[in-house]
Amino acid sequence: MALKHGLRNLLTDVDGLRVGNAGDDRIKSGVTVILCDEPAIAAVQVLGGAPGTRETDLLEPHNTVETVNALVLSGGSAFGLDAASGVQAALRERGIGFEVGGYRIPVVPAAILFDLKNGGDKDWGRYPPYRELGYEAAQNATQDFAIGTAGAGTGALVSGLKGGLGSASTVLENGITISALAAVNAIGSVTLGRSRHFWAAPFEIGAEFGGLGLPHPLPADAAKVSLKFRDATSLANTTIAVIATDAVLTKAQAKRLATSTHDGFARAIWPAHTPLDGDLVFALATGTSGTAPRGDDFIDLCAAAASTMARAIARGVHAAEPAENDRFPVWKSRR
């Protein structure tokens, strides 16, 4: 049976999730927020060498808090971590959060990518705009959202091309849905050499990122290590992502799902998980399907997580649009 994607081919094909974007074209940066209608089981796995995170320690399986109210993916490097405060403010206004001693504390882990070196005007004054962008993104959250040059992907770059925000979903034979969202800002390349062919091509469903398949013969430069900037002091990278499912998972299973999903990075980006990438995957399990996969079904879920993530990464770059002062062209301009 051929794999199929969900109705929207977006993260929100998993029931119980909404996504909101906010961006600033002047600074070439933005924020993407994932809101959980009900607190969702969550975990995280970091495999890049230069991560930037907030509240990720609590997601380890041995720690007390098992669920989150939202996740934040943001541009802005360390400045972007402030976006989570804006999301917390929006959720607190709605009375949403983990109850402690009669107080509601929204649980909002976050991760950032480095998009400072992308041609945008970063002279924002005393305080960066990310807290307000986070608040705005939370207010914008819905089931349908833009990909490409949007949200946390607004100023993203990969080797030789603009990056972007990508998303994809897969419906498994047992009815479970697995969905991915990625802000693609890798130091490496998502295409084989300087061709139009995506590394993720074997997993493509239909023509969701061009339908080109793999080239034959392979380009002579396919295996060449092509980096965005040949500058060892520039931490100007990172792909940050979310994998979500409507399956019923434990926190430990969610951790394993996040770990397996990193295989999708390796299938879609060459090279991935470098010392200058902060590659990270959050995992969310809403449990809305009522199905708890075991044994082979859980292996199938982990495999689908990796292939779905690879597709989301390719879709993010495929959907990028040109803008003023871009440092790199978009994929659509490559011939």
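The values are calculated or read from the model by the stated rules, or taken from the named source; none is laboratory data. Small disclaimer: the values here were computed from a predicted structure and weren't measured. Using ideal geometry, Cβ is built from the backbone for each residue, glycine included, and neighbour counts are taken over all protein chains shown. Areas reflect the complete protein model, heavy atoms only, side chains present, ligands, DNA and RNA absent. Shrake-Rupley method; radii C 1.70, N 1.55, O 1.52, S 1.80 Å.
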Flagged in the range 104-132 as open to solvent by less than 60 Å² (accessible area, probe 1.4 Å), farther than 18 Å from residue 53 by Cβ and of a type outside the set (D, E, K, R), in numbering order, are 118, 119, 120, 124, 125, 129
Screening 272, 254, 305, 314 for residues that are farther than 21 Å from residue 18 by Cβ, in a helix (DSSP H, G or I) and modelled with pLDDT of 95 or more leaves only 314
Scanning the range 317-335 residue by residue, those open to solvent by less than 30 Å² (accessible area, probe 1.4 Å) and touching a strand residue (DSSP E or B) at 6+ places or on another chain (Cβ under 6 Å) turn out to be 317, 319, 320, 330, 331
Of the listed residues (241, 247), the one being within 20 Å of the chain's Cα centre (by Cα), modelled with pLDDT of 95 or more and either β-branched (Val, Ile, Thr) or not in a strand (DSSP E or B) (or both) is 247
**Request:** Could you tell me whether any residue of the range 225-237 is farther than 25 Å from residue 16 by Cα, open to solvent by less than 10 Å² (accessible area, probe 1.4 Å), within 17 Å of the chain's Cα centre (by Cα) and of a type outside the set (Asp, Glu)?
**Result:** yes
Would you confirm whether or not the range 255-274 contains a residue that is within 20 Å of residue 108 (Cα to Cα), open to solvent by less than 10 Å² (accessible area, probe 1.4 Å) and out of contact with any helix residue (DSSP H, G or I) (no Cβ under 9 Å at 6 or more places or on another chain)? no
Okay, strands (runs of 3 or more DSSP E) sitting entirely in the range 1-78 with 2 or more residues that are in contact with an Asp or Glu (Cβ under 7 Å, 6 or more places away or on another chain), over 18 Å from residue 238 (Cα atoms) and polar (S, T, N, Q), I get none
Reported set for the range 193-204 where residues are open to solvent by 30 Å² or more (accessible area, probe 1.4 Å) and modelled with pLDDT of 95 or more is 196, 197, 199, 202, 203, 204
Residue pairs qualifying under the 7 Å Cβ cut-off, at least six apart or on distinct chains, with the first in the range 178-206 being free of Cβ contacts under 8 Å to residues at least 60 places away in the same chain and the second being crowded, with 24+ Cβ neighbours inside 10 Å, are 197/191
Selection over the range 288-316 where residues are more than 26 Å from residue 191 (Cα to Cα), among the small types (Gly, Ala, Ser) and either in contact with a helix residue (DSSP H, G or I) (Cβ under 7 Å, 6 or more places away or on another chain) or buried (at least 23 other Cβ atoms within 10 Å of the Cβ) (or both) yields a count of 0
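Matching residues to (1) at positive phi; (2) in contact (Cβ under 8 Å) with a residue 12 or more places away in the chain; (3) of a type outside the set (Lys, Arg); (4) open to solvent by less than 10 Å² (accessible area, probe 1.4 Å):
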site	(1), (2), (3), (4)
26	no, yes, no, no
43	no, yes, yes, yes
53	no, yes, yes, no
58	no, yes, yes, no
Residues in the range 45-95 that are in contact with a helix residue (DSSP H, G or I) (Cβ under 9 Å, 6 or more places away or on another chain) and among the charged types (D, E, K, R) total 5
